[in-house]
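Here's the structure we're looking at; comments come further down.
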Amino acid sequence: MFKSWLRNTTMATVLALTPLPSFAQDTPQQGGDIIVTYKDDIATLDPAIGYDWVNWSMIKSLYSRLMDYEPGTANLIPSLAETFGVSDDGLTYTFKLRKGVKFTNGREVVASDVKYSIERAVNPKTQGPGAGFFGSIKGYEDVTGGKTTTLEGIAAPDDSTVIFHLSRPDATFLHVLAINFASVVPHEAVEAAGGDFGKKPVGSGTFVLKDWTIGQHLVFERNPDYFVKNMPYIDKFTVEVGQEPLVALLRLQKGEVDIAGDGIPPAKFLEIKNSADGPKMIVDGQQLQTGYITLNTKVKPLDNLKVRQALNMAINKDRITRILNGRATAANQPLPPLMPGYDKSFTGYAYDVEKAKALLAEAGFPTGFETVLYSTNTDPQPRIAQAIQQDLAAVGVKAEVRALAQANVIAAGGTEGEAPMIWSGGMAWIADFPDPSNFYGPILGCSGAVPGGWNWSWYCNQDIDKRAVAADSMSDPAKVAERSATWGKIFTDIMADAPWIPLINERRVVAKSLRMGGADNIYIDPTRVINYDAIYVKQ
Amino acid sequence: MALLILRRLVQTALILLGVAAITFLLLYALPADPARMIAGRSATAQTVANIRRELGLDQPLLVQFWTYLQGIVHGDLGRSYAQKTDVGSLIAARIPATLLLMAAGILVEVVLGLTLGIIAALRRGGAVDRVVMMASFVGVSAPQFVVALLLLYVFAVMLGWFPMSGFGTPAHVVLPAATLGILGAGWYARMVRSAMIDVLNQDYVRTARAKGLSSARIILRHALPNAMLPIIAMIGIDIGQFMGGVVVVEAVYGWPGIGQLAWQAIQQVDIPIIMGVTLVSALAIVLGNLIADIIAPLIDPRIRAR
């Protein structure tokens with residue numbers, strides 16, 4: 001029997017369109033053409049392949065998925081799905097599709113399109129980076145292993161029903177169906193594009209790609225047949241590429257550009273911030289990101305808990321936020337503040353040089369020790385590594401900074417006994433979806449503590465691992481809050497073992513013109529960066 | 001002549017093969033794993049391995065190079081890692097913009113360089129000569145990204161005469177072409193000046209003057225064509241120079257040419273695009289020199305006779 005958790009779509013829509021408190025005074029308006037700039041070309045608009053923070057938000061708007069999020073929040077809502085249900089054992093998910101939703105080529109979206117799209121994202125021939133997200137669907141290994149191209153665990157018994165059979169309970173599964181890799185695409189358009197679907201996208205989202213002139217611009221127009229009435233607000237957005245961030249900012253100040261997607265170059269940040277209209281132009285938002293130093297639990301003397309705790313007290317995190325011009329806040333736990341499960345009351349290890357020295361002496365290192373700190377070699381990471389090095393020196397720990405290319409740092413982190421300490425800046429870790437489990441498995445769980453893995457602390461606590469598995473089996477959507485709290489406790493308990501020094505939560509900066517309306521959290525939406533569906537032009 | 005062209009074409013093929021080999025080896029020695037980069041953060045080791053196999057990166061280097069060469073022969077430059085599309089079509093779509101910019105840049109440097117050089121030669125030793133020579137020295141020495149930002153700030157931001165960035169109207173080409181041309185103009189002014197001074201001292205110029213020809217006619221008909229010869233050789237070489245310059249200029253002005261493509265590709269370690277752009281640039285440089293070699297004898301009978 002299914003325990004149904006039905007939700008009326010109209011209710012969800014009303015919820016999604018409810019103005020957020022921070023912009024309650026000016027109401028969203030229909031209409032307007034805007035110009036957005038980026039430095040780099042748009043890589044691809046194929047949802048099975050695109051995986052950078054620029055194309056991520058465009059793909060979100062070109063396609064639709066079974067699930068989506070309320071704009072500006074991490075709250076899941078049904079999208080292409082009208083209703084869904086989860087079985088008691090958490091192994092079967094059943095979705096009923098909305099009727100009458102059409103791809104922009106005119107054909108109706110049916111259940112077999114959902115099956116096709118996910119199978120395509122998992123198929124190794126697609127070379128998609130997102131295959132691993134679908135690992136809990138039955139038959140996943142057979143597809144990635146090349147034995148077959150169809151996923152046994154997805155059934156489409158009729159045009160409006162999709163059933164997923166999982167091989168293990170996966171409480172993040174609804175989030176998985178909301179990420180870009182689960183976007184629904186029409187197979188005939190993929191086939192007709194002949195390997196170039198990324199340049200000729202067809203979906204059923206809020207916008208349609210009208211023109212793409214390579215190296216110059218992309219024009220997106222509103223999809224008049226989008227299945228939610230009065231969405232999106234703007235009629236059109238043109239993305240101009242190849243625009244230097246500095247030039248884009250000058251153009252924004254002159255009113256030629258509405259959103260400078262690359263933000264504000266560090267050299268100009270204070271000037272803009274202190275200008276008359278500055279505060280209205282800067283959108284400074286939190287992301288689901290944590291920057292941390294890994295302390296390798298398999299390397300001496302970092303295998304000693306007291307040493308790891310002492311190092312946690314040795315770093316002046318506020319100074320590091322100043323290196324980043326204040327575009328970061330100090331962190332004290334693995335989860336970022338926007339993530340469900342983040343514990344506001346947790347204080348972690350406060351900055352205390354004397355206490356750190358005392359702990360080191362207690363651990364048998366009264367005069368400190370020598371170690372190595374790895375970092376990537378692109379600015380500002382080496383500067384941050386140097387600040388860490390100075391802080392460590394203040395407690396007697398002499399760390400040699402090794403600033404290397406990203407791939408080399410990742411390789412060193414994934415080699416057992418190799419890198420004592422790694423500063424994660426420029427590599428890890430931004431959550432792919434707003435669920436706390438995304439911060440555990442690969443980077444703190446036993447499964448990540450393997451050669452080539454991302455658990456660079458080589459931290460493996462069997463007890464915590466068991467609790468993580470239990471938390472991820474809580475698939476009942478009604479228990480979301482309980483599950484988040486369980487996860488939150490797991491992360492603060494991990495800090496007792498101190499495998500990381502959580503350092504900072506970086507913020508993203510977007511610059512927008514004065515005529516653009518909408519709260520900051522739809523310009524830096526936690527699940528899609530710029531939310532083109534929700535932004536609007538003030539009249 | 002036919003023999004010259006044939007010989008040069010064979011040389012061109014050899015040079016391109018050499019360039020391809022060197023670039024290929026250098027790029028694959030880079031400490032970056034393309035499969036890892038394509039796969040993204042959360043990819044499993046298996047996904048990375050799958051991608052590596054699909055791209056043929058698990059093959060020995062020589063096999064990979066051979067496959068790449070076979071592709072080139074068939075006009076296939078491979079697929080971009082970052083943009084997931086055919087490199088040949090990406091480059092082809094951007095070549096017209098770069099050609100336009102280079103033509104405009106050459107026009108700026110030739111017109112500016114010739115004018116200043118002639119003026120300086122005629123006023124040799126005077127104040128004008130010294131000012132022109134000083135200015136050309138600054139033009140030759142100033143780094144292009146500084147010139148680009150300076151022109152952008154003065155003429156686009158402060159004065160608002162030209163658009164700051166982009167492509168499409170004649171106004172858009174002015175600042176990028178000026179940035180590109182200023183460097184060459186400095187060289188040209190200096191070369192034209194010394195060549196003109198040399199020619200103006202020749203017997204036939206004195207004869208022309210003795211015949212009572214106007215000085216304008218003497219300079220334009222008799223002196224200038226002879227002073228032009230080294231300039232024409234320079235233009236061929238300039239195409240190579242410009243291939244380097246367009247990278248900076250296109251990046252600053254948002255010009256949709258292959259320089260901008262190269263700039264992005266380098267930052268993203270998009271090896272197939274870097275390879276493709278390098279090969280196309282090498283081809284352009286070799287062709288530029290070839291054209292200069294073909295044109296020189298047409299203008300100067302002395303070379304033809306040899």
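The values are calculated or read from the model by the stated rules, or taken from the named source; none is laboratory data. Computed from a predicted structure; not experimentally measured. Note that we place each Cβ from the backbone using ideal geometry, even for glycine, and neighbour counts take in every protein chain shown.
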* For B:Val48, state whether it is in contact with a strand residue (DSSP E or B) (Cβ under 7 Å, 6 or more places away or on another chain), within 14 Å of chain A (Cβ to nearest Cβ) and of a type in the set (A, V, I, L, M). => no
* List every residue pair whose Cβ atoms sit under 7 Å apart, with the two residues 6 or more apart in sequence or on different chains, where the first one lies in the range A:426-451 and is in contact (Cβ under 8 Å) with a residue 60 or more places away in the chain and over 15 Å from A:Thr294 (Cβ atoms) and the second, anywhere, is of a type in the set (D, E, K, R) and in a helix (DSSP H, G or I). => A:Ser437/A:Asp472
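Suppose we filter A:Val307, A:Val353 for residues that are hydrophobic (A, V, I, L, M, F, W, C) and within 18 Å of A:Ser457 (Cα to Cα); which single one remains?
Numbers: A:Val353 fails: within 18 Å of A:Ser457 (Cα to Cα).
Within the list A:Val307, A:Val353, the selection yields A:Val307.
Restrict the check to the range A:440-456 and report whether at least one residue is touching a strand residue (DSSP E or B) at 6+ places or on another chain (Cβ under 7 Å) and away from chain B (no Cβ under 14 Å).
If we filter the range A:440-456 for residues that are touching a strand residue (DSSP E or B) at 6+ places or on another chain (Cβ under 7 Å), which is where we start, we get A:456.
If we keep only those that are away from chain B (no Cβ under 14 Å) too, we end up with none.
No, the conditions are met nowhere in the range A:440-456.
For residues in the range A:219-238 being in a strand (DSSP E or B) and crowded, with 22+ Cβ neighbours inside 10 Å, which is nearest to the other protein chains (Cβ to nearest Cβ)? Outline the logic, then answer.
Our first condition is that a residue be in a strand (DSSP E or B); within the range A:219-238, this holds for A:219-222, A:236-238.
Filter again for crowded, with 22+ Cβ neighbours inside 10 Å, leaving A:220, A:237.
Details: A:Phe220: 18, A:Phe237: 17 Å.
Result: A:Phe237.
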* Does any residue in the range A:220-231 that is of a type in the set (Val, Ile, Thr) come within less than 9 Å, Cβ to Cβ, of a residue that is crowded, with 21+ Cβ neighbours inside 10 Å six or more places away or on a different chain, and which pairs are these? -> A:Val228/A:Ser79; A:Val228/A:Thr206; A:Val228/A:Asp533
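On the basis of being out of contact with any Leu (no Cβ under 8 Å at 6 or more places or on another chain), basic (Lys, Arg) and at pLDDT 90 or above, does A:Lys96 make the cut?
On the way: out of contact with any Leu (no Cβ under 8 Å at 6 or more places or on another chain): yes; basic (Lys, Arg): yes; at pLDDT 90 or above: yes.
Yes: the conditions hold for A:Lys96.
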* Structure fact -> Expected output for the range B:237-266 (first residue more than 11 Å from chain A (Cβ to nearest Cβ), partner assigned to a loop (DSSP other than H, G, I, E, B), Cβ below 8 Å, 6+ apart or cross-chain) is B:Val246/B:Trp255; B:Val246/B:Gly257; B:Val249/B:Trp255
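Under the condition of being surrounded by fewer than 18 Cβ atoms within 10 Å (Cβ to Cβ) and of a type in the set (Lys, Arg), which residue from the range A:99-134 is farthest from A:Pro224 (Cα to Cα)?
If we filter the range A:99-134 for residues that are surrounded by fewer than 18 Cβ atoms within 10 Å (Cβ to Cβ), which is where we start, we get A:99-100, A:102, A:105-108, A:112, A:125.
From what is left, the residues that are of a type in the set (Lys, Arg) are A:99, A:102, A:107, A:125.
On the way: A:Lys99: 17, A:Lys102: 11, A:Arg107: 15, A:Lys125: 34 Å.
Per the stated criteria, the residue is A:Lys125.
Among residues belonging to the range A:246-260 that are small (Gly, Ala, Ser) and buried (at least 24 other Cβ atoms within 10 Å of the Cβ), point out the one that is farthest from the other protein chains (Cβ to nearest Cβ). Show your work before the answer.
Quick first cut of the range A:246-260, residues small (Gly, Ala, Ser) only: A:248, A:255, A:260.
Next, from what is left, pick out any that are buried (at least 24 other Cβ atoms within 10 Å of the Cβ): A:248, A:260.
On the way: A:Ala248: 8, A:Ala260: 12 Å.
Applying the filter and picking the extreme gives A:Ala260.
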* Which condition number in (1) closer than 30 Å to A:Asn461 by Cα; (2) in a loop (DSSP other than H, G, I, E, B); (3) not acidic (Asp, Glu) is the one that A:Ile264 fails? -> (1)
* List pairs: first in the range B:143-164 and within 12 Å of chain A (Cβ to nearest Cβ), second among the polar types (S, T, N, Q) and surrounded by fewer than 16 Cβ atoms within 10 Å (Cβ to Cβ), Cβ under 9 Å, 6+ apart or cross-chain? -> B:Pro163/B:Thr169
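Only one of these is more than 14 Å from chain A (Cβ to nearest Cβ), of a type in the set (Val, Ile, Thr) and under 23 Å from B:Trp263 (Cα atoms): B:Ile95, B:Ile182. Name it. Lay out the reasoning, then the answer.
Numbers: B:Ile95 fails: more than 14 Å from chain A (Cβ to nearest Cβ).
The unique qualifying residue is B:Ile182.
For (1) touching a Lys or Arg at 6+ places or on another chain (Cβ under 8 Å); (2) among the aliphatic types (A, V, I, L, M); (3) surrounded by 23 or more Cβ atoms within 10 Å (Cβ to Cβ), each residue gets a yes or a no:
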position	(1), (2), (3)
A:Val450	no, yes, no
A:Cys460	no, no, no
A:Val469	no, yes, no
A:Met474	yes, yes, no
A:Ser484	no, no, no
A:Thr492	no, no, no
A:Ala496	no, yes, no
A:Ala534	no, yes, yes
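Kindly indicate which of A:Gln390, A:Gln381 is surrounded by fewer than 17 Cβ atoms within 10 Å (Cβ to Cβ) and at negative phi. Can you show your working first?
Details: A:Gln381 fails: surrounded by fewer than 17 Cβ atoms within 10 Å (Cβ to Cβ).
Going through A:Gln390, A:Gln381 in turn, just one is surrounded by fewer than 17 Cβ atoms within 10 Å (Cβ to Cβ) and at negative phi: A:Gln390.
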* For the range A:412-522, list the helices (runs of 4 or more DSSP H) that sit wholly inside it and hold at least 1 residues that are more than 19 Å from the chain's Cα centre (by Cα); which are they? -> A:462-472, A:480-497
* Residue in the range A:303-313 that is in contact with a Gly (Cβ under 8 Å, 6 or more places away or on another chain), assigned to a strand (DSSP E or B) and closer than 23 Å to A:Phe365 by Cα present -> no
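From the list B:Leu90, B:Leu69, which one is more than 14 Å from chain A (Cβ to nearest Cβ) and over 30 Å from A:Trp429 (Cα atoms)?
After applying the criteria, what remains is B:Leu69.
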* Filtering the range A:36-52 down to residues that are farther than 22 Å from B:Ala262 by Cβ and part of a loop (DSSP other than H, G, I, E, B), which residue is farthest from the other protein chains (Cβ to nearest Cβ)? -> A:Pro47
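Please find, among A:Ser57, A:Ser87, A:Ser79, the residue that is crowded, with 24+ Cβ neighbours inside 10 Å, among the small types (Gly, Ala, Ser) and touching a residue at least 12 places away in the same chain (Cβ under 8 Å).
A:Ser79
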* Structure fact -> If we keep only residues of the range B:41-80 that are at pLDDT below 80 and polar (S, T, N, Q), then the residue farthest from A:Ala449 (Cα to Cα) is B:Asn50
* **Failed item, numbered, when A:Gln243 is tested on (1) free of Cβ contacts under 8 Å to residues at least 12 places away in the same chain; (2) buried (at least 23 other Cβ atoms within 10 Å of the Cβ); (3) under 26 Å from the mean Cα position of the chain (by Cα)** => (1)
* To do: Starting from residues that are modelled with pLDDT of 90 or more and outside any loop (DSSP other than H, G, I, E, B), keep the ones in the range A:284-302 and report whichever is nearest to A:Gly261 (Cα to Cα).
  => A:Gln289
